[in-house]
Amino acid sequence: MSEIRAATPSNLPEYTVSEISQAVKHTLERSFERVRVRGELSGFKRHTSGHCYFTLKDADAAMDGVCWRGTAMRLAIRPEDGMEVICTGRITTYPGRSKYQIVIESMELAGEGALLKLIEDRRKRLAAEGLFDPERKRKLPFLPDVIGVITSPTGAVIRDILHRLADRFPRHVLLWPVLVQGEGAAEQVAAAIRGFNALEAEGAVPRPELLIVARGGGSLEDLMAFNEEIVVRAAAESRIPLIAAVGHETDTTLIDHAADRRAPTPTAAAEMAVPVRADLLAGLQRDGQRLVSALTRMVEERRARVEGLARGLGDPRRLIEDRQQRLDDWGDRLKLGLRNWVQNRRDRLSEYATRFESCLTVRLRAIERESRHVDEFGPRLRRAAESRMERATGKLEQAGKLLESFSYERVLDRGFVLVTDAAGQPVQKSAETHASMAVRLRFSDGTVGATVTEGGPRKPAKAAVKPIDPTKQGSLL
């Protein structure tokens, strides 16, 4: 019976796995062509290709999600794990794993509470890094020459800023147009801040001395671009002082904490940027008037003081007349004293001349007497010198003869011979000779060479005696 039952054909159609998968795929895509799904992001992963993969879940179920690269680049938020979002897209299947998934077309945070929690968590994390420290705040310039404004070129914000600047103090304004909400707004604002900072101070485009990042009011979602981390970091890194004027007075964004000054409105930012020109002119006029008044009072006080001192000094003309009369008196006395002084010096000079002449006469007479003495002692000195020279010559001749008599050459004249070795040293004993020793024999009439045929016992050679320097030989006298 079992074999007969197996052979009986079934009425059910037969499908392949691929056919079933495609049928399910088409059914889901037709039924859920465009849906909005709310859930919590989990397992978010951005692939190297740029595609994003994640899971949407709630308390009872979970569903896979995918966001292709082109769409991921246009998302208004940056997806993170734990974020509650509302995804708009279509339901489809992935036949390779038999799973259904949602293909994301747009993504937004689910409710204002989620946005506020995201902003608060980001604020705490950036504050922990020190981006909001008061020490980082820079002082705004008093009157900047160039102001850079980062905002939408078509909104009312730029017109309000320009109008307010023109009313208070006209300045050169550079506008960097950017998107202020939606996809890509955060990147454009950050690029504008860094672009202004990258300008050269003396370049073709002047570098601003102050930046204003401005946007009008809006919902929390509209202002999210100014809560993005890329914008906050660009504002904190800016070397140019920056005023954040985003939204109305009650709106607060993260860029307000990183900026050097927060303005409640764009118009208030323009008022912070420049002072009122009329007030400056009025203040300058007041200061000028006060300066003139102070100078006038000072001159009057100095004049009164000089007049008081003049009354105490008396009439200057009378003082000058007395001094002139005293000067004439001293001039006459000076002339008389000078004349007497010259006469006194002339008399003393005549006295000194007379005394000098008498002294000179006495000295000349003394010189004449000394000259006569010299003439008398000259011959006597000459005779004494000749006599002393003769006695010295005789003693020198006697000493020479005595020295000649003691010379060894006189011994040679008597037939003796002086024997010297090759070094020229005298050989005094036979023990100092040996066979074949070359010697020199000095006679009274010359020197000849000779060789010793028999010598005394050979002894160790003595150290060569240093020859005596004739110039250092002592005298017999």
Check: Say we look at the range 15-35 and pick out the residues that are closer than 13 Å to Y100 by Cβ and among the charged types (D, E, K, R); which of these is surrounded by the fewest Cβ atoms within 10 Å (Cβ to Cβ)?
Finding: E29
Note to self: Residue under question is S49, and the condition is that it be surrounded by 12 or more Cβ atoms within 10 Å (Cβ to Cβ) and at pLDDT 85 or above; does it hold?
What the structure shows: no
Next item on the list: Could you tell me whether any residue of the range 157-164 is among the acidic types (D, E) and either in the same structural domain as R36 (by TED's automatic domain parsing) or surrounded by fewer than 11 Cβ atoms within 10 Å (Cβ to Cβ) (or both)?
Entry: no
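Here's the yes/no breakdown for (1) part of a helix (DSSP H, G or I); (2) free of Cβ contacts under 8 Å to residues at least 60 places away in the same chain; (3) of a type in the set (K, R):
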residue	(1), (2), (3)
P379	yes, yes, no
R382	yes, yes, yes
R391	yes, yes, yes
G394	yes, yes, no
E397	yes, yes, no
G400	yes, yes, no
R410	yes, yes, yes
F416	no, yes, no
V439	no, yes, no
Notebook entry, point to check: In the range 152-211, how many residues are among the β-branched types (V, I, T), without any contact (Cβ under 8 Å) to a residue 40 or more places away in the chain and in contact with a Pro (Cβ under 6 Å, 6 or more places away or on another chain)?
Noted result: 0
Notebook entry, point to check: Do you know which of the residues in the range 64-73 that are surrounded by 15 or more Cβ atoms within 10 Å (Cβ to Cβ) and modelled with pLDDT of 90 or more is nearest to the chain's Cα centre (by Cα)?
Noted result: C67
Notebook entry, point to check: Taking the range 212-228, which residues are closer than 22 Å to A127 by Cα and free of Cβ contacts under 8 Å to residues at least 60 places away in the same chain?
Noted result: L223, A225, F226
Notebook entry, point to check: Do any helices (runs of 4 or more DSSP H) entirely within the range 177-284 hold 1 or more residues that are of a type in the set (S, T, Y), and if so, which?
Noted result: 266-273
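The values are calculated or read from the model by the stated rules, or taken from the named source; none is laboratory data. Since this is a predicted model, take the numbers as computed values, not measurements. Cβ sites come from the backbone with ideal geometry, for glycine too, and all protein chains shown count toward neighbours.
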